[in-house]
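Participant: Please see the structure below; I have some questions.
The values are calculated or read from the model by the stated rules, or taken from the named source; none is laboratory data. Note that this is a predicted model, so its numbers are computed, not measured. Virtual Cβ from ideal backbone geometry, glycine too; neighbours counted across all protein chains shown. Ligands, DNA and RNA are stripped out before the accessible areas are found, and what is left, the full protein with its side chains, is counted by its heavy atoms. Shrake-Rupley method; radii C 1.70, N 1.55, O 1.52, S 1.80 Å.
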Amino acid sequence: MAAPPDMELSPSLSLELLPTDPLLLILSFLDYRDLVSCCYLNRRLNQLSSHDPLWKRHCKKYWLISEEEKSRRNQSWRAIFISTYSDLGRYIHYYATLKKAWDDLEQYLGQWCPRMISSLKESVREEDLDAVEAQIRCKLPDDYRCSFRIHNGQKLVVPGLMGSMALSNHYRSEDLLDIDTAAGGFQQRLGLRQCLPLTFCIHTGLSQYMALESVEGRNKYEIFYQCPEQMARNPSTIVMFITGTSYLEWFTSYVNKVVTGGYPIIRDQIFRYVHDKDCVATTEDITVSVSTSFLPELSSVHPPHYFFTYRIRIEMSKDALPENACQLESRYWRITNAKGDVEEVQGPGVVGEFPVISPGKVYEYTSCTTFTTTSGYMEGYYTFHCLYNKDRFFNVTIPRFHMVCPAFKVSTA
């Protein structure tokens, strides 16, 4: 018995039989690899997959190509994607993230630290990176290579791109090393085997290293400051203060801190002080805020000695009355380590000074502390006296601020 006419099976619907507009819409959702695959299916899909507007999204997503740059290059979107892919295709999963980080950083530096722009080096070629791999006999991670295809680090100058720190007679400023200088500092000595320096400070000799292999207790591509164990008889015993798990994470997180104002710009330099937005206290017309930084070069794990510096900003509201001007008389600190041990400190002034605060005026100073534990916190108050009523004294709260040592690994040597 034959099936009723309304039950007869209709012919299977083929994607290529769709009208052009809905088919182009479908193709617009494909990734570049699937779009290329469509070119080999049949003649019609080959023609539609070459439709130039389809490649605009991929050019912008993967290569950050703007309309202005397309006009300047005088090429189709498809041609631009293909030519860029032929040069940078191995970095397609990193390029947009790193290029945006570099662009954001350059824009920020152009506004706040213009002289640092001139220290940046132009990109390197693929063959230059291949030559370095042959020289050190170790593979460089693709995210690291990709960054150097955009900028080859910087010249050895001061201030360094990777941040500064100044405290009394101690100064640090780290440059981002170019590929040749980094290769020249590649380590094969015990304790730092197969480690590539990423940064260098001319004043301290300090570097941040990237482990190119999982040896001596390190994870591959981990980034760290070295810390020799002062109590070990073996000079190759190196503890790591970890600063990143990959180059991409390390570099982009640093850039984000810079361009969002997380690190202050002081005298044309990037200072790596971390400010907790909740670490602010206001007493009457005076606001006190604190930012902190860990100094690995002055710290050790064995013996436990963790060195921190803090920067305090004291500001009187610009709306305060002129007769509210006052002078700092003394300070009181309550310092607590991770074990709950408490130390109290009281004394005249701050860093040997007795600053005067008046409406709209700001006073900042830097000091330091150490802990035998990996973390601790400080809090306290300043005592001020009024300039126009010398019999009036009052306390200004210093908000509690925490200091925490970064994660570290003890040497396996």
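Participant: Just to check your reading of the model, which residue among GLU284, GLU297 is at positive phi and in the same structural domain as THR369 (by the TED database)? So that I can check it myself, show each step before the final result.
Facilitator: Details: GLU297 fails: at positive phi.
Of GLU284, GLU297, the one residue that is at positive phi and in the same structural domain as THR369 (by the TED database) is GLU284.
Participant: With basic (Lys, Arg) and more than 30 Å from the chain's Cα centre (by Cα) as the only criterion, which of ARG115, ARG43, ARG57 stands out? I'd like the intermediate steps shown before the answer.
Facilitator: On the way: ARG115 fails: more than 30 Å from the chain's Cα centre (by Cα); ARG57 fails: more than 30 Å from the chain's Cα centre (by Cα).
After ruling out the rest, the residue left standing is ARG43.
Participant: Pairs only if they're at least six apart or on different chains, beta carbon under 7 angstrom, first in the range 336-353 and part of a loop (DSSP other than H, G, I, E, B), second loosely packed, with under 15 Cβ neighbours inside 10 Å and among the basic types (Lys, Arg); list them, first residue then second.
Facilitator: Close Cβ pairs satisfying both conditions: none exist.
Participant: For the range 399-408, state whether one or more residues are in a strand (DSSP E or B), out of contact with any Gly (no Cβ under 9 Å at 6 or more places or on another chain) and at pLDDT below 95.
Facilitator: The answer is yes, given that some residue of the range 399-408 is in a strand (DSSP E or B), out of contact with any Gly (no Cβ under 9 Å at 6 or more places or on another chain) and at pLDDT below 95.
Conditions (1) free of Cβ contacts under 8 Å to residues at least 24 places away in the same chain; (2) β-branched (Val, Ile, Thr), marked per residue:
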position: LEU156; (1), (2): no, no
position: THR204; (1), (2): no, yes
position: TYR209; (1), (2): yes, no
position: GLU213; (1), (2): no, no
position: ASN219; (1), (2): no, no
position: ASN234; (1), (2): no, no
position: TRP250; (1), (2): no, no
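Participant: Just to be sure I understand, how many residues within the range 315-339 are among the acidic types (Asp, Glu), over 37 Å from the mean Cα position of the chain (by Cα) and farther than 20 Å from VAL350 by Cα?
Facilitator: Of the range 315-339, the ones among the acidic types (Asp, Glu) are 315, 319, 323, 329.
Now narrow it down to the ones that are over 37 Å from the mean Cα position of the chain (by Cα): 323, 329.
Now narrow it down to the ones that are farther than 20 Å from VAL350 by Cα: 323.
The number of residues fulfilling the criteria is 1.
Conditions tested, residue by residue: (1) touching a strand residue (DSSP E or B) at 6+ places or on another chain (Cβ under 7 Å); (2) closer than 11 Å to GLN327 by Cβ; (3) polar (S, T, N, Q); (4) open to solvent by less than 30 Å² (accessible area, probe 1.4 Å).
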residue	(1), (2), (3), (4)
VAL356	yes, yes, no, no
GLU364	yes, no, no, no
THR374	yes, no, yes, no
TYR377	yes, no, no, no
LEU387	yes, yes, no, no
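Participant: Does LYS339 count as closer than 30 Å to CYS227 by Cα, open to solvent by 70 Å² or more (accessible area, probe 1.4 Å) and either modelled with pLDDT of 95 or more or not charged (D, E, K, R) (or both)? So that I can check it myself, show each step before the final result.
Facilitator: Details: closer than 30 Å to CYS227 by Cα: yes; open to solvent by 70 Å² or more (accessible area, probe 1.4 Å): yes; either modelled with pLDDT of 95 or more or not charged (D, E, K, R) (or both): yes.
For LYS339, the condition - closer than 30 Å to CYS227 by Cα, open to solvent by 70 Å² or more (accessible area, probe 1.4 Å) and either modelled with pLDDT of 95 or more or not charged (D, E, K, R) (or both) - is met.
Participant: Quick check on SER293: is it of a type outside the set (A, V, I, L, M), touching a Pro at 6+ places or on another chain (Cβ under 8 Å), under 30 Å from GLU106 (Cα atoms) and in contact (Cβ under 8 Å) with a residue 60 or more places away in the chain? Step through it out loud before you land on a result.
Facilitator: Details: of a type outside the set (A, V, I, L, M): yes; touching a Pro at 6+ places or on another chain (Cβ under 8 Å): no; under 30 Å from GLU106 (Cα atoms): yes; in contact (Cβ under 8 Å) with a residue 60 or more places away in the chain: yes.
So SER293 does not fit the description; no.
Participant: Filter the range 30-41 down to residues that are part of a loop (DSSP other than H, G, I, E, B) and open to solvent by 40 Å² or more (accessible area, probe 1.4 Å) and give me whichever is farthest from PRO19 (Cα to Cα).
Facilitator: Within the range 30-41, the match that is farthest from PRO19 (Cα to Cα) is TYR40.
Participant: Go through the residues of the range 63-86 one by one and say whether even a single one is open to solvent by 40 Å² or more (accessible area, probe 1.4 Å), β-branched (Val, Ile, Thr) and either modelled with pLDDT of 85 or more or in contact with a strand residue (DSSP E or B) (Cβ under 9 Å, 6 or more places away or on another chain) (or both).
Facilitator: Keep residues of the range 63-86 that are open to solvent by 40 Å² or more (accessible area, probe 1.4 Å), which gives 64, 66-76, 78, 82-83, 85-86.
Now drop any that are not β-branched (Val, Ile, Thr), which leaves 82.
Adding the requirement that they be either modelled with pLDDT of 85 or more or in contact with a strand residue (DSSP E or B) (Cβ under 9 Å, 6 or more places away or on another chain) (or both) leaves 82.
Scanning the range 63-86, I find at least one residue that is open to solvent by 40 Å² or more (accessible area, probe 1.4 Å), β-branched (Val, Ile, Thr) and either modelled with pLDDT of 85 or more or in contact with a strand residue (DSSP E or B) (Cβ under 9 Å, 6 or more places away or on another chain) (or both), so the answer is yes.
Participant: Has the range 88-109 got at least one residue that is assigned to a helix (DSSP H, G or I), open to solvent by 70 Å² or more (accessible area, probe 1.4 Å) and acidic (Asp, Glu)?
Facilitator: no
Participant: Taking helices (runs of 4 or more DSSP H) that fall entirely within the range 125-212, which contain at least 1 residues that are over 24 Å from LEU109 (Cα atoms) and open to solvent by less than 40 Å² (accessible area, probe 1.4 Å)? Show your work before the answer.
Facilitator: On the way: elements: 126-136, 142-150, 179-184.
In the range 125-212, the matching helices (runs of 4 or more DSSP H) lie at 126-136, 179-184.
Participant: Moving on. Return the residues of the range 59-75 that are closer than 14 Å to LEU35 by Cβ and small (Gly, Ala, Ser); say none if nothing qualifies. Lay out the reasoning, then the answer.
Facilitator: Just the residues of the range 59-75 that are closer than 14 Å to LEU35 by Cβ, to begin with: 59, 61-62.
Once the filter is applied, which keeps residues that are closer than 14 Å to LEU35 by Cβ and small (Gly, Ala, Ser), the range 59-75 yields nothing.
Participant: Continuing with this model, one more query. Among the residues of the range 305-325, is any surrounded by fewer than 16 Cβ atoms within 10 Å (Cβ to Cβ), among the basic types (Lys, Arg) and more than 23 Å from ILE266 (Cα to Cα)? Even if it seems obvious, please write down each step before you answer.
Facilitator: Applying the first criterion (surrounded by fewer than 16 Cβ atoms within 10 Å (Cβ to Cβ)) to the range 305-325 yields 305, 317-319, 321-323.
Then drop every residue that is not among the basic types (Lys, Arg), which leaves 318.
With the extra rule that they be more than 23 Å from ILE266 (Cα to Cα), the set shrinks to none.
So far as the range 305-325 goes, no, none of its residues is surrounded by fewer than 16 Cβ atoms within 10 Å (Cβ to Cβ), among the basic types (Lys, Arg) and more than 23 Å from ILE266 (Cα to Cα).
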